[in-house]
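Structure, as structure tokens:
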Amino acid sequence: MPKDTTYKFCFGPWNLSEGQDPYGPPTRPVQSFDWKLEQLKKLGFDAMMFHDDDAVPDIDNKSDAQLKSEARALKKKLDDAGIVAEIVAPRLWFDPRTIDGAYTSNDPKCRKYAIERSLRCIDVANYLDCDLIVLWLAREGSYIRESKNARKCVDYLVEAVDKMLAHDKKIRIAIEPKPNEPMDLAYIPTIGHALALATQTSDPKRVGCLIESAHAILAGLDPADEIDFACSFGKLWSLHLNDQNGLKFDQDKPFGSANLRVAFNQVRALERNGYGKKGEYVAFDVHPFRTTKVEHWTAHLENSRRTFLRLVEKARTYPEAEAQKLIADRNYAALDQLVLEHLMGK
Ligand code: XLS
Ligand code: MG
């Protein structure tokens with residue numbers, strides 16, 4: 001019987017957000033990076049995930065020497081805290097040059113900026129001793145479909161990934177699909193699209209994916225199915241567990257908050273695929289509710305991990321033999337109830 005996985009956990013500085021939303025200002029005072037790292041350490045998490053400008057603030061205005069010195073200083077801080085840098089993601093949705101897309105902008109100068117920024121993101125990752133870049137393709141899409149040539153955009157995306165793969169022969173790239181937001185429609189909405197894109201690149205074995213629960217739900221899919229599909233290719237290299245209550249803006253709710261059964265099936269999928277056995281992390285890409293008080297600021301992260309671990313117990317104590325008998329008898333009503341009873345506890 002293979003040894004049970006001991007999971008390692010991660011979150012990013014942006015997961016200790018201050019409560020601003022499109023309709024209102026922050027509700028909690030801005031905290032320093034050091035405070036956020038201290039919370040992560042206190043919570044007993046193992047790794048932190050970064051955007052490039054979380055690691056090197058104002059990165060576009062920093063020289064290569066400054067980038068190196070700041071990334072190295074961060075690495076020392078992480079080492080002193082015993083914390084690993086899990087991934088680095090280029091933030092390609094803030095700068096005016098990414099207003100109409102980064103890699104898929106209609107403006108070649110903007111596409112060039114996006115690729116150059118991505119190569120510097122790889123340099124940051126190297127200084128942090130991290131070999132995994134995440135591409136959340138935030139603005140690779142359109143507000144109206146006639147504004148871009150979607151066929152050309154696929155080529156632009158492949159070109160951008162190929163430039164990154166050529167820049168560093170060890171780097172791996174995990175594409176994080178999302179069907180919309182901030183765009184009306186994005187070009188890489190699901191794991192299927194991400195893995196298909198990977199096959200077009202110059203080194204497909206170095207291009208994998210990251211699944212975020214809420215993004216799969218926004219695509220009208222079951223995140224557990226996306227996990228199984230990605231794992232069948234051996235390409236689920238990172239994971240953003242959270243939750244989402246229906247098709248609306250990306251809520252980044254605590255894991256299990258909206259649908260415990262969907263969360264349970266994600267954990268079962270991770271267990272049966274041995275996710276984590278090759279060092280992969282479970283990250284919670286979750287935000288506190290805007291109403292959260294300062295004294296409860298980390299609760300959404302602690303709750304997400306606690307729910308995850310309780311569901312691991314549920315997955316490992318699931319009455320499999322009884323379930324198989326009901327499946328053999330095609331008695332799915334009884335199977336449905338068995339799952340619910342198991343989750344509710346007798
Ligand atoms: C946004 C994405 C983002 C990426 C990292 O919806 O989930 O959090 O994971 O930039
Ligand atoms: Mg995410």
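Do we find a residue being assigned to a loop (DSSP other than H, G, I, E, B) and within 19 Å of HIS296 (Cβ to Cβ) anywhere in segment 48-67?
no
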Handout entry: Index of the failed condition, ASP285 passing every other in (1) within 16 Å of ligand 2 (Cβ to nearest atom); (2) in contact with a Pro (Cβ under 6 Å, 6 or more places away or on another chain)
Key = (2)
Problem - Every residue from segment 329-340 that is over 12 Å from THR317 (Cα atoms) and either under 31 Å from the mean Cα position of the chain (by Cα) or surrounded by fewer than 12 Cβ atoms within 10 Å (Cβ to Cβ) (or both) - result: ASP329, ARG330, TYR332, ALA333, ASP336, LEU340
Exercise for the section: Would you check which residues across segment 77-121 are within 19 Å of the chain's Cα centre (by Cα) and either more than 16 Å from ligand 1 (Cβ to nearest atom) or part of a helix (DSSP H, G or I) (or both) and list them? Expected result: ILE83, VAL84, SER118, CYS121
Fill in the blank from the handout: Listed by first then second residue, the pairs whose first member lies in segment 197-213 and is more than 16 Å from ligand 1 (Cβ to nearest atom), whose partner is among the acidic types (Asp, Glu) and outside any loop (DSSP other than H, G, I, E, B), with beta carbons under 6 Å and at least 6 positions apart or on separate chains, are THR201/ASP162; SER202/ASP162
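Out of the residues in segment 258-277 that are in a loop (DSSP other than H, G, I, E, B) and on the phi < 0 side of the Ramachandran plot, which is most open to solvent (accessible area, probe 1.4 Å)? Reasoning before the result, please.
Keep residues of segment 258-277 that are in a loop (DSSP other than H, G, I, E, B), which gives 258-259, 274-277.
With on the phi < 0 side of the Ramachandran plot added as a condition, the list becomes 258-259, 275, 277.
Working: ALA258: 45, ASN259: 62, TYR275: 5, LYS277: 111 Å².
Among residues in segment 258-277 that are in a loop (DSSP other than H, G, I, E, B) and on the phi < 0 side of the Ramachandran plot, the one most open to solvent (accessible area, probe 1.4 Å) is LYS277.
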Practice task
For TYR275, indicate whether it is under 26 Å from HIS215 (Cβ atoms), within 16 Å of ligand 1 (Cβ to nearest atom) and at pLDDT 95 or above.
Solution key: no
Completion exercise
Given (1) in contact (Cβ under 8 Å) with a residue 40 or more places away in the chain; (2) open to solvent by 60 Å² or more (accessible area, probe 1.4 Å), THR104 misses just (2)
Fill in the blank from the handout: Scanning segment 142-190 for residues that are farther than 20 Å from ILE99 by Cα, touching a Phe, Trp or Tyr at 6+ places or on another chain (Cβ under 7 Å) and open to solvent by less than 60 Å² (accessible area, probe 1.4 Å) gives ALA174
Practice task
Consider PHE255 carefully, then state whether it is open to solvent by 30 Å² or more (accessible area, probe 1.4 Å), within 16 Å of ligand 2 (Cβ to nearest atom), assigned to a loop (DSSP other than H, G, I, E, B) and among the aromatic types (Phe, Trp, Tyr).
Solution key: no
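The values are calculated or read from the model by the stated rules, or taken from the named source; none is laboratory data. From a predicted model like this one, the values you see are computed outputs, not experimental measurements. As a convention, Cβ positions derive from the backbone with ideal geometry for all residues, glycine included, and neighbour counts pool all protein chains shown. The area values use the complete protein model at the heavy-atom level, side chains included, leaving out ligands, DNA and RNA. Shrake-Rupley method; radii C 1.70, N 1.55, O 1.52, S 1.80 Å.
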